[in-house]
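The values are calculated or read from the model by the stated rules, or taken from the named source; none is laboratory data. No experiment lies behind these values; they were computed from the predicted model shown. FYI the Cβ positions are ideal-geometry reconstructions off the backbone, even for glycines, and counts take in every protein chain you see.
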């Protein structure tokens, strides 16, 4: 039941009336080109469509990312897809409402994700 309510709330949040422009500098500190980014309420796995536009972000490069984020939540998980076909990685419990800059780091061998960020 709770999961159904969350899905309904997220569906409502995806409409224009329930979205806010979110923008932050994404720094690719991984060793892999980033081609996709989705967000979900923390620990729920209800991912938005890909919000990253343009060519992949090369390892070591940075890009200002702007998208309409749902207003139904601020604490979010971020799922990153890689252009080299590697498995996606998730960074958890980020406040996307106040995020201004984030550097993502990832050890593919261990699966450990880390980030440094400014709010």
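Hey, can you tell me all the residues within segment 36-91 that are in contact (Cβ under 8 Å) with a residue 60 or more places away in the chain, buried (at least 18 other Cβ atoms within 10 Å of the Cβ) and part of a loop (DSSP other than H, G, I, E, B)?
Initially, segment 36-91 is screened for residues in contact (Cβ under 8 Å) with a residue 60 or more places away in the chain, giving 70, 72-73.
Applying the additional criterion that residues be buried (at least 18 other Cβ atoms within 10 Å of the Cβ) yields 70, 73.
Scanning segment 36-91 gives a single hit, 73.
Kindly indicate the residue of segment 14-28 that is part of a strand (DSSP E or B) and loosely packed, with under 14 Cβ neighbours inside 10 Å and also modelled with the lowest pLDDT among those meeting that condition. Even if it seems obvious, please write down each step before you answer.
Quick first cut of segment 14-28, residues part of a strand (DSSP E or B) only: 19-28.
Imposing the further condition that a residue be loosely packed, with under 14 Cβ neighbours inside 10 Å reduces the set to 20-21, 23.
Values: 20: 83, 21: 88, 23: 93.
Ranking the candidates gives 20 first.
Taken over segment 98-111, the criterion of being exposed (fewer than 15 other Cβ atoms within 10 Å of the Cβ) and either free of Cβ contacts under 8 Å to residues at least 24 places away in the same chain or touching a strand residue (DSSP E or B) at 6+ places or on another chain (Cβ under 7 Å) (or both) is satisfied by 100, 101, 107, 109, 110, 111.
The set of residues from segment 64-102 being closer than 14 Å to residue 32 by Cβ and more than 12 Å from the chain's Cα centre (by Cα) comprises 82, 83, 84, 85, 86, 87. Against the list (1) closer than 23 Å to residue 19 by Cβ; (2) at pLDDT 95 or above; (3) crowded, with 16+ Cβ neighbours inside 10 Å, the condition residue 117 fails is (2).
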